[in-house]
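The values are calculated or read from the model by the stated rules, or taken from the named source; none is laboratory data. Keep in mind that what you see is a predicted model, and the values were worked out from it rather than measured. A quick note on method: Cβ atoms are made from the backbone with ideal geometry, for glycine too, and the neighbour counts reach across all protein chains shown.
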Amino acid sequence: MPQRVLVTGGLGYLGSIACEHLLAAGYEVTALDSLIYEGGQGLYHLCAHPSFDFIKGDVRDEAVMRRALRAADAVVHLAGTVGASACDRDPAQATSVNFESVKLLNKLRSPEQLVVFPNTNSGYGATSGAALCTEDTPLEPISLYGRTKCEAERLLLDSPNTVTLRLATVFGMSPRMRLDLLVNHFVHAAVKDGYLVLFEKDFKRNFVHVRDVADCFLHALANGAKMAGRPYNLGLDSANLSKEQLAFAVKKHVPKFYIHFAPIGEDPDKRNYVVSSARLRDAGFEARRSLDAGIQELIKGYRMEGRGPFKNAA
């Protein structure tokens, strides 16, 4: 089992939680991040840990990656331009970070270094939402984000000693918070605005808690020899929900939340699918944190949020 783990994108929404879980499990952890979004505040609480280290650098920089890989037994490669809108804003950067960095990592690592790579289950695209997507379902990504991540997954799975996880839409609090994720966004709207305008309410998604994702990284590292060479869907089978169902799940906890279903207009994100995580369950891991628990967690977190820079009231 690997003992020294390099976490690229260590300051990100997933990375900051993953570093915490890896250290708690007894791993030596080096986080690598370019710090384009913020300073290192999200990992300050780990700096006193003797098994934690940090490298400031870009995953596209060969010298940086050679140095970072030198001491690693395994890599959890989280660095990326995440989300369809972020990729569309700068397609060249998205391609270089999401795909070219994976090419570089794969070129520089030794075959003995295990790579755990999170793909997105948005690669399943715009299905009918009726049949469960398994890992054998053809990937038909409808965004640049989905295409770059699926191309990177294909590259890795054609190489030795790799495990890829097709993540459902992640939710939950993190030191590097993201409000663009569907559950996080709906709860934020409920707590802060009190209302939500919802387009195409019947489109379905699958969801998973950020700490379940971190725990699955631990499982993949511990079981890499058995899991390598295959993709695994990672989501809650109990959370294959339409956007309408998700909104009403939030309303259960925020009763004054007003939901307006807009008959005119459309969501630019056309993904519509439900997903089975049976293969991962057969490999010994199952997500366990419920959507309800995550909503309650988010409500508590958002109560701690201060005024915005242009608001006179919270």
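Selection within the range 222-246: residues that are of a type in the set (A, V, I, L, M, F, W, C) and over 25 Å from residue 171 (Cβ atoms). The member of this set that is surrounded by the fewest Cβ atoms within 10 Å (Cβ to Cβ) is 225. Taking the residues in the range 51-70 that are among the charged types (D, E, K, R) and assigned to a strand (DSSP E or B) as candidates, determine which candidate is nearest to residue 37 (Cα to Cα). By that ranking, first place goes to 56.
Every listed requirement among (1) under 21 Å from the mean Cα position of the chain (by Cα); (2) surrounded by fewer than 17 Cβ atoms within 10 Å (Cβ to Cβ); (3) in a helix (DSSP H, G or I) is met by residue 98 save one, (2).
On the basis of being part of a helix (DSSP H, G or I) and in contact with a Leu (Cβ under 9 Å, 6 or more places away or on another chain), does residue 45 make the cut? In short, no.
Anything in the range 1-26 that is buried (at least 20 other Cβ atoms within 10 Å of the Cβ) and more than 28 Å from residue 83 (Cβ to Cβ)? List them, or say none.
none
So how many residues does the range 25-42 have that are outside any loop (DSSP other than H, G, I, E, B) and either farther than 16 Å from residue 178 by Cα or at pLDDT 95 or above (or both)? Matching residues across the range 25-42 total 6. Tell me yes or no: at least one residue of the range 252-265 is surrounded by fewer than 21 Cβ atoms within 10 Å (Cβ to Cβ), of a type in the set (Val, Ile, Thr) and in a loop (DSSP other than H, G, I, E, B). There is at least one residue in the range 252-265 that is surrounded by fewer than 21 Cβ atoms within 10 Å (Cβ to Cβ), of a type in the set (Val, Ile, Thr) and in a loop (DSSP other than H, G, I, E, B).
Of all residues in the range 219-249, those being of a type in the set (Phe, Trp, Tyr) and closer than 24 Å to residue 187 by Cβ number 1.
Okay, residues lined up against (1) farther than 28 Å from residue 33 by Cα; (2) surrounded by fewer than 17 Cβ atoms within 10 Å (Cβ to Cβ); (3) of a type in the set (D, E, K, R):
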residue: 170; (1), (2), (3): no, no, no
residue: 190; (1), (2), (3): yes, no, no
residue: 198; (1), (2), (3): yes, no, no
residue: 202; (1), (2), (3): yes, yes, yes
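Tallying residues that are crowded, with 17+ Cβ neighbours inside 10 Å and of a type in the set (D, E, K, R) within the range 152-166 yields 2.
Which one is surrounded by the most Cβ atoms within 10 Å (Cβ to Cβ) among residues in the range 43-71 that are within 15 Å of residue 107 (Cα to Cα) and in contact (Cβ under 8 Å) with a residue 60 or more places away in the chain? My answer is 68.
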